[in-house]
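Novice: Structure incoming, see below.
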Amino acid sequence: MSDIAANQSRMMNPGAAPPTSGSGSLMAGSSMSLAERVKVYQWIGELTSPDTRENALQELSKKREVVPDLAPMLWHSFGTVAALLQEIVHVYPAITPPHLT
């Protein structure tokens with residue numbers, strides 16, 4: 001099973017334990033512990049809630065260099081892309097002038 005397929009399977013079944021070894025491992029060759037991996041999955045899950053999104057974005061941005069598969073994990077997790085788009089669009093009213101010329 002490819003890494004992306006394993007990550008997608010994990011994100012579709014949030015109650016399942018993250019993979020820890022083998023070719024389908026989440027972060028094969030990574031020095032991250034199981035607790036850190038679980039925390040990354042927790043932050044990805046928190047992206048879908050507006051109440052926890054800001055903290056999750058901050059923590060994931062700190063881990064982007066440490067987690068080599070973070071981009072595919074985000075792409076294949078349910079609702080994450082929509083949540084990120086909401087976050088981007090949410091800023092538009094603040095940066096748009098009230099009257100366009």
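The values are calculated or read from the model by the stated rules, or taken from the named source; none is laboratory data. Because the structure is predicted, anything quoted here is derived from the model rather than measured. A quick note on method: Cβ atoms are made from the backbone with ideal geometry, for glycine too, and the neighbour counts reach across all protein chains shown. When the accessible area is computed, the model is the full protein with side chains, heavy atoms only, and any ligands, DNA or RNA have been set aside. Shrake-Rupley method; radii C 1.70, N 1.55, O 1.52, S 1.80 Å.
Novice: Modelled with pLDDT of 90 or more, among the hydrophobic types (A, V, I, L, M, F, W, C), part of a helix (DSSP H, G or I) and out of contact with any Ser or Thr (no Cβ under 9 Å at 6 or more places or on another chain): does that describe Leu74? Show your work before the answer.
Specialist: Values: modelled with pLDDT of 90 or more: yes; among the hydrophobic types (A, V, I, L, M, F, W, C): yes; part of a helix (DSSP H, G or I): yes; out of contact with any Ser or Thr (no Cβ under 9 Å at 6 or more places or on another chain): no.
Answer is no for this residue.
Novice: Here's a follow-up. Answer yes or no as to whether Ser25 is open to solvent by less than 50 Å² (accessible area, probe 1.4 Å), outside any helix (DSSP H, G or I) and at pLDDT below 65.
Specialist: On the way: open to solvent by less than 50 Å² (accessible area, probe 1.4 Å): yes; outside any helix (DSSP H, G or I): yes; at pLDDT below 65: yes.
Spelling it out, Ser25 is indeed open to solvent by less than 50 Å² (accessible area, probe 1.4 Å), outside any helix (DSSP H, G or I) and at pLDDT below 65.
Novice: Search segment 36-49 for residues being over 9 Å from the mean Cα position of the chain (by Cα) and modelled with pLDDT of 90 or more, and hand back the single one that is nearest to Ser77 (Cα to Cα). Even if it seems obvious, please write down each step before you answer.
Specialist: Taking segment 36-49 as the starting set, the residues that turn out to be over 9 Å from the mean Cα position of the chain (by Cα) are 36-39, 48-49.
Retained after the next criterion (residues that are modelled with pLDDT of 90 or more): 38-39, 48-49.
On the way: Val38: 14, Lys39: 15, Thr48: 10, Ser49: 14 Å.
Only one residue tops the list, namely Thr48.
Novice: Which of the residues spanning segment 80-94 are assigned to a helix (DSSP H, G or I) and either under 29 Å from Leu70 (Cα atoms) or in contact with a strand residue (DSSP E or B) (Cβ under 7 Å, 6 or more places away or on another chain) (or both)?
Specialist: Narrowing segment 80-94 to residues assigned to a helix (DSSP H, G or I): 80-90, 92-94.
Across segment 80-94, the qualifying residues are Thr80, Val81, Ala82, Ala83, Leu84, Leu85, Gln86, Glu87, Ile88, Val89, His90, Tyr92.
Novice: Let me ask another. On the basis of being at pLDDT below 90 and of a type outside the set (Gly, Ala, Ser), does Pro93 make the cut? Explain how you work it out, then say what you get.
Specialist: Numbers: at pLDDT below 90: yes; of a type outside the set (Gly, Ala, Ser): yes.
When the stated conditions are applied, Pro93 passes them.
Novice: Right, something else. Would you point out which residue out of Ser61, Ser77 is touching a residue at least 40 places away in the same chain (Cβ under 8 Å) and among the polar types (S, T, N, Q)? Reasoning before the result, please.
Specialist: Values: Ser61 fails: touching a residue at least 40 places away in the same chain (Cβ under 8 Å).
Matching residue, one of Ser61, Ser77: Ser77.
Novice: What tally of residues in segment 59-71 results from selecting those that are part of a helix (DSSP H, G or I), within 10 Å of Val40 (Cβ to Cβ) and open to solvent by 30 Å² or more (accessible area, probe 1.4 Å)? Steps first, please.
Specialist: Pass one, segment 59-71, residues part of a helix (DSSP H, G or I): 59-63, 70-71.
Within this subset, residues satisfying the condition of being within 10 Å of Val40 (Cβ to Cβ) are 59-60, 63, 70.
Of the ones still in play, those that are also open to solvent by 30 Å² or more (accessible area, probe 1.4 Å) are 59, 63.
Qualifying residue count for the region: 2.
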